[in-house]
1. For labels at THR284 and ALA17 in the simple 7 Å Cα→Cβ model, what's the distance in nm?
2. Which whole-number value in Å² is the accessible area per residue of the range 238-290, probe 1.4 Å?
3. If I model a spin label as a point 7 Å beyond the Cα along the Cα-Cβ vector, how far apart are those points for LEU120 and PHE135 in nm?
4. Can you pick out the pairs among LYS16/LYS276; LYS186/LYS269; LYS186/LYS214 whose Cα atoms lie more than 21 Å from each other?
5. What is the extension gain from THR25 to SER195, computed as 0.36 nm multiplied by their sequence separation minus the C-alpha to C-alpha distance, in nm to one decimal?
Amino acid sequence: MSENNEETTTIGARLKAARTAKGLTIDDLQQITKIQKRYLIAIEDEQFDKLPGDFYVRAFVKQYAETVDLDGNALLEEYRDQLPSVHTETIVENVDEVQPTRVASREQPASPASRVRNYLPTIIVTAIVVLILLFIWFMAVRTHAGSSSSTSADSSSVQVSSSKKQSSLSKASSSAKSSSKASSAKEQTIKANGSSDTAYTLTNGADKNKVVIKSTKAAWTSVTTNGTQTWQGTLKADGSHTLTLPSNATTVKFQFGNATATTVTINGKAFNFNPKNSTSQVRTITLTIK
């Protein structure tokens, strides 16, 4: 395409061409971005009045652009004359993790009496500690004034007690080493079920397995545990999301909208869910936990 054609191309045609180049249909784009199909069609046809409002026009265009590997901010700037303007523009990166803001409460300055009440427990504890130390010092002075035979007996008792402690520590250390060896023998493994590249089995995992999902590009991902959706959302470029599976999880289904740009680790170890280097972006992976 010539430089002159690039300057006259409309934003809708630009986005549609990028989507077509990636081999995505409108239905694929709807599944990945979670933007309704009729809004995606309206963006490509530049019928922006069919979208909920001016803010959503810019937010949806940016998310559409990043999903088809275009620079969303640069595109908004390039076609700002074709898009409705808003006074305050805040682009939501992860639509499933938006939390309502809270107005911080204003604290009133504490009165002197209140300050004293706050420090009163500390003062009481300090006084008790001082009394205990004085009592220990007094008892030590009385013991030192005793006979030499009593001192010798006490020394012998201390040596026996020290010997018992060392023996106990030695046994505890040996037990800990044995436990560590037994634990290391059961190493976590994730293996494919036969020749399948979509079904895997996790063995020797944790009681509550920690899953970290990362993406180098904008990517939609869904995680379903025992038939119930645990999490779903669209990660931005170089974004990540961490979740902990429940202890009763036996089957986990991963759905990737941009599998080639997504990586998964379970308990800190990489889960290679694409050993055959499939180029398919939309993939569904089933993981059985034993």
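The values are calculated or read from the model by the stated rules, or taken from the named source; none is laboratory data. Since the structure is predicted, the reported quantities are computational estimates derived from the model, not experimental observations. Because the Cβ atoms are built from the backbone with ideal geometry, glycine has one as well, and the counts that use them run over all protein chains shown. Protein only, heavy atoms only, side chains kept; ligands, DNA and RNA dropped before computing areas. Shrake-Rupley method; radii C 1.70, N 1.55, O 1.52, S 1.80 Å.
1. Label-label distance for THR284 and ALA17, simple model: 3.5 nm.
2. Value for the range 238-290: 49 Å² per residue.
3. Those two pseudo-labels are separated by 2.4 nm.
4. From the list (LYS16/LYS276; LYS186/LYS269; LYS186/LYS214), the Cα-Cα distance tops 21 Å for LYS16/LYS276; LYS186/LYS214.
5. 58.2 nm
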